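A.B. asks: Here's a structure for you.
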Amino acid sequence: MIDPKLLADRFPGDFTFGVATAAFQIEGATKADGRKPSIWDAFANMPGRVYQRNNGDIACDHYNRLEQDLDLIKDMGVEAYRFSIAWPRIIPEGTGPVNEAGLDFYDRLVDGCKARGIKTFATLYHWDLPLALAGDGGWTARSTAHAFQRYTKTVMARLGDRLDSVATFNEPWCIVWLSHLYGVHAPGERNMQAALYAMHYMNLAHGLGVEAIRSVAPKVSVGIVLNAASILPGSDTPEDLAAVERAHQFHNGAFFDPIFKGEYPKEFVEALGDRMPVIEEGDLKTINQKLDWWGLNYYMPMRVSDDASRSGDFPGTKEAPPASDVKTDIGWEIYAPGLKHVVEDLNKRYELPECYITENGACYNMGVVNGEVDDQPRLDYYIEHLGVVADLIKDGYPMRGYFAWSLMDNFEWAEGYRMRFGLVHVDYETQMRTIKKSGKWYRELASQFPRGNHKAV
């Protein structure tokens, strides 16, 4: 095991170490203080959607344990906390009246972080769309982009004077493809046209959100969090290399191209453009606004081969076998070089601002034994991936921070509570928090920062 002090020497002194969570995954209190249902409340209550019909009603009870959990974050030695704000708490119907009690909760959260010297990195949308908006079509409706803009203005007017940083969206890929094409996440659609409508209107909402943030809270650093795929070919054949390019356009380009270039990818549009909504005058200009930073969520690589039969829609690829059979408990391949590959590849393709690793971590389901959680494989995962981030810094990439996913075990979406990503173990019966071996190690690393060797990157 690497001494955290030795690893710390590989990072500049002003590098930010943090932990991350999401509202629906930890807060619980789904009916408290004026909150109304989100699409995830509905989805979780439908049979066959979420493991054992687990739901977010209690989760980690963070809503009622806020002060204790903020003390825990402080105890983790980190400089920053990435959290999301629940739209259904702020504007419960998605449009209409603002719920002051919801804003009060995030006031307490932000003020509590400030009082403890913790920087606040807020995410405005981490998948919990107010259920009432589903009646208008949810993300497949243009009106949702404008509802998001108003929600953004409302949040920033209240919190913008105290936030260090804000992201409009978390993981557009999941909001669009996983939720509207593959049906794995709420609302559970399996329809390419629905997904393409959701793609454009979510991209538009991002642009409108950036405008709202800049107008209401111009001093706050603005970005977006993308789970960009690190796409690797199954072989070096021309067919597989061409498949990688198509997969890039579909999985990454559908978001990166409009946000950073003001256009949709060429082959993507040629193949699917007739099923997209009307792109109105000014839409792409709205989407393509300068950002202060972007966030990368990385867990595993994507390996693709050409699908010669072209039996399905663009991109005409199929899954290639993993390079190794080492997997986490959720079944994801461990391949740290994929993190380096995706940062290098995206920086070649786009003019990108500075980058934060906004999520990185591993699912291992060890329990508490004699008051301890020995999750050595998770610790090994962190050491390997942090080493890659240090290599990227050495190579001159503007990597500014790293947020471990996650602060604590939580509701893992379609997997319910059976999959654990936390640095801190949560006993869901008692809500007891136990810092794992990985958490203690990460605390030692994070506690070294900020430090006096502010090297120029």
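Table: residues versus (1) surrounded by 21 or more Cβ atoms within 10 Å (Cβ to Cβ); (2) assigned to a helix (DSSP H, G or I).
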{"residue": "V176", "(1), (2)": "yes, yes"}
{"residue": "G183", "(1), (2)": "no, no"}
{"residue": "G188", "(1), (2)": "no, no"}
{"residue": "A198", "(1), (2)": "yes, yes"}
{"residue": "E211", "(1), (2)": "no, yes"}
{"residue": "K219", "(1), (2)": "no, no"}
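Every residue, every condition in (1) of a type in the set (S, T, Y); (2) buried (at least 16 other Cβ atoms within 10 Å of the Cβ); (3) under 25 Å from the mean Cα position of the chain (by Cα); (4) farther than 30 Å from S215 by Cα, yes or no:
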| site | (1), (2), (3), (4) |
| --- | --- |
| D292 | no, no, yes, no |
| L296 | no, yes, yes, no |
| R310 | no, no, no, yes |
| P321 | no, no, no, yes |
| D325 | no, no, no, yes |
| I334 | no, yes, yes, yes |
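A.B. asks: Determine which single condition L272 fails, assuming it passes every other condition in (1) in contact (Cβ under 8 Å) with a residue 24 or more places away in the chain; (2) in contact with a Lys or Arg (Cβ under 9 Å, 6 or more places away or on another chain).
C.D. replies: Failed condition: (2).
A.B. asks: From the set of residues in region 365-386 that are open to solvent by 20 Å² or more (accessible area, probe 1.4 Å) and over 17 Å from E429 (Cα atoms), which is farthest from the chain's Cα centre (by Cα)?
C.D. replies: Filtering region 365-386 for residues open to solvent by 20 Å² or more (accessible area, probe 1.4 Å) gives 365-372, 374, 376-377, 380, 383-384.
If we keep only those that are over 17 Å from E429 (Cα atoms) too, we end up with 370, 372, 374, 376-377, 380, 383-384.
Values: N370: 33, E372: 29, D374: 26, Q376: 24, P377: 22, D380: 22, I383: 21, E384: 21 Å.
Only one residue fits best here, namely N370.
A.B. asks: Taking the conditions exactly as written (at pLDDT 95 or above, basic (K, R) and over 30 Å from A194 (Cβ atoms)), does R162 satisfy them or not?
C.D. replies: On the way: at pLDDT 95 or above: yes; basic (K, R): yes; over 30 Å from A194 (Cβ atoms): yes.
Judged against the criteria, R162 is a match.
A.B. asks: For Q193, all conditions in the list (1) within 16 Å of V166 (Cα to Cα); (2) open to solvent by 20 Å² or more (accessible area, probe 1.4 Å); (3) touching a residue at least 40 places away in the same chain (Cβ under 8 Å) hold save one; what is the number of the exception?
C.D. replies: (1)
A.B. asks: Here's a follow-up. Can you tell me how many residues in region 258-290 are among the aliphatic types (A, V, I, L, M), outside any helix (DSSP H, G or I) and open to solvent by less than 70 Å² (accessible area, probe 1.4 Å)?
C.D. replies: Taking region 258-290 first, the residues among the aliphatic types (A, V, I, L, M) are 259, 269, 271-272, 276, 278-279, 284, 287.
Filter once more, so that each one left must be outside any helix (DSSP H, G or I): 276, 278-279.
Those still in the list that are open to solvent by less than 70 Å² (accessible area, probe 1.4 Å) too: 276, 279.
Adding up the residues that qualify gives 2.
A.B. asks: Quickly run through region 12-43 and pick out the residues that are under 23 Å from V184 (Cα atoms), outside any loop (DSSP other than H, G, I, E, B) and among the β-branched types (V, I, T). Steps first, please.
C.D. replies: Step one: of region 12-43, the residues under 23 Å from V184 (Cα atoms) are 20-28, 30, 36-43.
If we keep only those that are outside any loop (DSSP other than H, G, I, E, B) as well, we get 20, 23-26, 38-43.
Selection gives I26, I39.
A.B. asks: Among the numbered conditions (1) assigned to a loop (DSSP other than H, G, I, E, B); (2) surrounded by 23 or more Cβ atoms within 10 Å (Cβ to Cβ), tell me where T152 comes up short.
C.D. replies: Condition not satisfied by T152: (1).
A.B. asks: How many residues are touching a Leu at 6+ places or on another chain (Cβ under 7 Å) and of a type in the set (V, I, T) when one looks only at region 406-434?
C.D. replies: Number satisfying all stated conditions: 1.
A.B. asks: Can you tell me how many residues within region 1-23 are under 20 Å from N360 (Cα atoms), open to solvent by 10 Å² or more (accessible area, probe 1.4 Å) and among the hydrophobic types (A, V, I, L, M, F, W, C)?
C.D. replies: Number satisfying all stated conditions: 2.
A.B. asks: OK, next. Quick one: which residue in E211, E239, E267, E280 is at negative phi and without any contact (Cβ under 8 Å) to a residue 24 or more places away in the chain? Talk me through it step by step, then tell me what you get.
C.D. replies: Numbers: E211 fails: without any contact (Cβ under 8 Å) to a residue 24 or more places away in the chain; E239 fails: without any contact (Cβ under 8 Å) to a residue 24 or more places away in the chain; E267 fails: without any contact (Cβ under 8 Å) to a residue 24 or more places away in the chain.
Testing whether each residue is at negative phi and without any contact (Cβ under 8 Å) to a residue 24 or more places away in the chain leaves just E280.
A.B. asks: Of the residues that sit in region 226-257 and are open to solvent by 20 Å² or more (accessible area, probe 1.4 Å) and part of a loop (DSSP other than H, G, I, E, B), which one is nearest to N297 (Cα to Cα)?
C.D. replies: Among those residues, the one meeting the criterion is N227.
A.B. asks: Related question: With region 44-129 as the region, which helices (runs of 4 or more DSSP H) entirely inside it contain at least 3 residues that are under 12 Å from F24 (Cα atoms) and open to solvent by less than 10 Å² (accessible area, probe 1.4 Å)?
C.D. replies: Ranges flagged: 87-90.
A.B. asks: Please go through region 173-188 and pick out each residue that is more than 15 Å from L131 (Cβ to Cβ) and touching a Ser or Thr at 6+ places or on another chain (Cβ under 8 Å). Walk me through how you get there before you give the answer.
C.D. replies: Taking region 173-188 and keeping what is more than 15 Å from L131 (Cβ to Cβ), we get 173-178, 180-184.
Passing the criteria: only H180.
A.B. asks: From the list L133, L163, exactly one residue is more than 18 Å from Q289 (Cβ to Cβ), outside any helix (DSSP H, G or I) and open to solvent by less than 30 Å² (accessible area, probe 1.4 Å). Which is it?
C.D. replies: Values: L133 fails: outside any helix (DSSP H, G or I).
After ruling out the rest, the residue left standing is L163.
The values are calculated or read from the model by the stated rules, or taken from the named source; none is laboratory data. What you see is a predicted model, and the numbers here were worked out from it, not measured in a lab. Glycine gets a Cβ as well: all are built from the backbone with ideal geometry, and neighbour counts include every protein chain shown. Side chains included, ligands, DNA and RNA excluded: accessible areas come from the protein's heavy atoms. Shrake-Rupley method; radii C 1.70, N 1.55, O 1.52, S 1.80 Å.
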